[in-house]
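One structure is given here, and the rest of the page talks about it.
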Amino acid sequence: MSNNDERFEDIVDELMLEEETPGDTALGRWCERYPQHRKALEEFFAVWAVQAELPQRTRIDEKRLAERSVSYAKAILKRQGLGPVPPKALDAEEAQSQAQLEQLVLKAVHLLRGEADTANIAHKASELKGKPITTRAVDESLVRLEGRQLVESRVAHPAQEPEGQLKRYSKITPAGERALGEPEATAGESIDALGDLT
């Protein structure tokens with residue numbers, strides 16, 4: 001016989017290890033062992049018997065559930081007028097300017113060799129262009145370049161930074177190195193005009 005002072009949760013744990021299915025015979029044995037928990041055992045066996053009769057649940061498709069949740073959230077945002085702003089179509093001149101800026105940012109990242117946070121990239125790109133370039137413009141270019149896998153970024157832990165700031169560092173990928181040698185025809189400015197890479 002077991003100790004009569006055991007907690008009911010411990011008894012249930014023991015019961016689940018010993019019994020495979022709920023039944024009157026099993027209930028009788030456990031009520032005889034723990035008469036002080038007779039009512040709780042009867043309720044537990046009743047719930048267990050009902051659950052055993054229910055059809056087994058199928059595995060939850062988490063991906064499908066997440067997609068439906070995101071779709072639902074987007075629909076709510078759209079109804080509230082808060083949805084994402086569709087990207088603006090660029091005219092030829094804007095596209096050329098954007099491509100030139102991306103080439104400058106890519107070259108600046110290359111020249112900084114892993115020490116490229118946004119402020120350093122903006123400074124280096126401004127030097128290359130001979131005109132100031134904002135950190136916002138650099139950030140936007142970095143997002144596009146990272147999307148095309150020409151650069152990759154990592155976020156440095158604030159404790160590792162002198163000022164304790166959260167900084168994102170970018171470095172050029174092998175694909176980015178190749179892209180420096182093959183500027184887009186629409187860039188309008190040859191990579192040679194930016195200077196030698198070495």
Quiz item: Label-point separation (nm) for THR135 and PHE8, each offset 7 Å from Cα along Cα-to-Cβ?
Solution: 6.0
Quiz item: Under 27 Å from the Cα of LYS129, which lysines turn up, not counting those fewer than eight places away in the same chain?
Solution: LYS88, LYS107, LYS167, LYS171
Quiz item: What are the residues whose amide H is under 5 Å from the amide H of THR173, where those residues sit 5 or more places off or on another chain and H is modelled from the backbone?
Solution: VAL151, GLU152
Practice problem: May I ask you to list the lysines whose Cα is less than 25 Å away from that of LYS63, ignoring any residue fewer than eight positions away on the same chain? | Solution: LYS74, LYS78
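Every read-out reported here was derived from the displayed coordinates using simple, explicitly stated rules and does not represent laboratory data. Owing to the predicted nature of the structure, the values given are computational and were not obtained by experimental measurement. Glycine gets a Cβ as well: all are built from the backbone with ideal geometry, and neighbour counts include every protein chain shown.
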